[in-house]
1. Check LEU20: other-chain or 5+ apart residues with amide H under 5 Å from its amide H, H built from backbone geometry?
2. Please give the per residue volume of the convex hull enclosing the alpha carbon atoms of the stretch 17-73, rounded to a whole number of Å³.
3. Give a quick list of trypsin sites (Lys or Arg not before Pro) in the stretch 26-74 that DSSP marks as loop, anything other than H, G, I, E or B, with at most 10 other Cβ atoms within 10 Å.
4. May I ask you to evaluate 6.51 cos²θ - 1.76 cosθ + 1.60, the Karplus curve with θ = phi - 60°, for each residue of the stretch 24-30 and list the ³J(HN,Hα) values in order in whole Hz, giving x for glycine and proline?
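Computed from the coordinates by the stated procedures, all read-outs in this text should not be read as laboratory data. Everything numeric here is computed off the predicted structure, so don't read it as measured data. Cβ placement follows ideal geometry from the backbone for every residue including glycine, while neighbour counts extend to all protein chains displayed.
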Amino acid sequence: MTSYSPTAPHPAPSTSQELLTVPQVMARLQLGRSPVYDLLRTRQLASITLGRARRIPSYALTDFIRARLDQEAA
């Protein structure tokens, strides 16, 4: 008979896995709705769609900001 060893429970999502709403991204970037949706439409800012809701992973926002800072420094 084979023994069953339970797997470790999934850890709670860290802040790096947090999904942000468009209004949260608007607040963090201090931009309006249209510019944020333009960033999403042009895929400069990665997002996922859950039903009709658009969510932006917090790491995608961090990557976007870092890339823009690198562009400005170059």
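1. Result for LEU20 returns ILE56, SER58.
2. On the way: hull volume 4.4 nm³, N = 57.
Enclosed volume per residue, from the Cα hull, is 77 Å³.
3. Details: sites: ARG28, ARG33, ARG41, ARG43, ARG52, ARG54, ARG55, ARG66, ARG68; in loops: ARG43, ARG52.
Within the stretch 26-74, the qualifying trypsin sites (Lys or Arg not before Pro) (loop, at most 10 other Cβ atoms within 10 Å) are ARG43, ARG52.
4. Those phi angles translate into 5, 5, 4, 5, 5, 8, 6 Hz.
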